[in-house]
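*Asks:* Before anything else, here's the structure in question.
The values are calculated or read from the model by the stated rules, or taken from the named source; none is laboratory data. All values derive from a computational prediction rather than experimental measurement. Positions of Cβ are backbone-derived with ideal geometry, glycine not excepted, and every protein chain shown enters the neighbour counts.
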Amino acid sequence: MNEKDINSNLNDAEELTDGEACENINADNADETACEETEAACESNEVTDKQEELTPEQRTKKTLLSVIEYVEIFAFAVFAVLFIFSFAVRVCVVDGDSMNNTLQSGERLLTTNFFYTPEGGDIIVFYENEPLNKPLVKRVIATEGQTIEIDYNAGTVKVDGEILDEDYVQLPEGYYIVFPNFVYDEQTKIMTLTVPEGQLFVMGDNRNDSWDSRSEEIGCISEQQIMGKVICRISPFTAFD
């Protein structure tokens, strides 16, 4: 046998040895994986066995804790709903025609007073103590410090000298029916008033069929009377101006 054949045989032996080593390593890895899986299965079985080994008292306690957890979740949900509908939002029903055609009698409204600051044009629900003793829904025309001027002949409303664009107003007669009060001038047919601090001047959109701040009985309302701003109509559900 020559030197070339000897070297060739040595190389074949080395390749065979390397191959066998790789196979041995793979076999060892497979054995380790199988052992790990077996250990995990054993641990799982041990946990299951421990769970199955719970005494009746332990099972009762576990069930009771689960029930208490569900009761707490339910109580929190009820509290959240009560809080929202007591302080954040209210459902009110329109009673009467003073807000036609924006709102119709019998419609249900969703209102909120959560961090609410009144602004001109807002539709609000407020509680009128005397003489009606019930909630009313009107539109804010002027806020504290603003001067409102109603021209009964022209059928116009000015706030701080600017005529309001009130396309929502229902005024089929073309003029305002007079509400005589202490700020109404019979000669000019104009009512002028500066809204006191912390109060609002409100009117219904159906101007000649609305009892509102133009009357002495209601006058300007206190901001404390506000139950909430109307944010949407929920029955029927539709937007409004």
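*Asks:* PRO131 passes all but one of (1) surrounded by fewer than 18 Cβ atoms within 10 Å (Cβ to Cβ); (2) more than 21 Å from GLU217 (Cβ to Cβ); which number fails?
*Replies:* Evaluating PRO131 over (1) surrounded by fewer than 18 Cβ atoms within 10 Å (Cβ to Cβ); (2) more than 21 Å from GLU217 (Cβ to Cβ) leaves (2) as the failure.
*Asks:* Considering only residues that are β-branched (Val, Ile, Thr) and in contact (Cβ under 8 Å) with a residue 12 or more places away in the chain, which ones fall in the stretch 189-241? Give the derivation first.
*Replies:* The first filter runs over the stretch 189-241 and keeps only residues β-branched (Val, Ile, Thr), leaving 190, 192, 194-195, 202, 218, 221, 226, 230-231, 234, 238.
Listed by number, the residues that qualify are ILE190, THR192, THR194, VAL195, VAL202, ILE218, ILE221, ILE226, VAL230, ILE231, ILE234.
*Asks:* Against the conditions (1) touching a helix residue (DSSP H, G or I) at 6+ places or on another chain (Cβ under 6 Å); (2) buried (at least 21 other Cβ atoms within 10 Å of the Cβ); (3) of a type outside the set (Gly, Ala, Ser), where does PHE201 fall short? Just the number, please.
*Replies:* So the condition that PHE201 fails would be (1).
*Asks:* Is there any pair linking a residue in the stretch 141-152 that is more than 23 Å from THR117 (Cα to Cα) to one that is among the aromatic types (Phe, Trp, Tyr) and at pLDDT 95 or above, with Cβ under 8 Å and at least six apart or on different chains, and which?
*Replies:* Short answer, once both residue conditions are applied: none.
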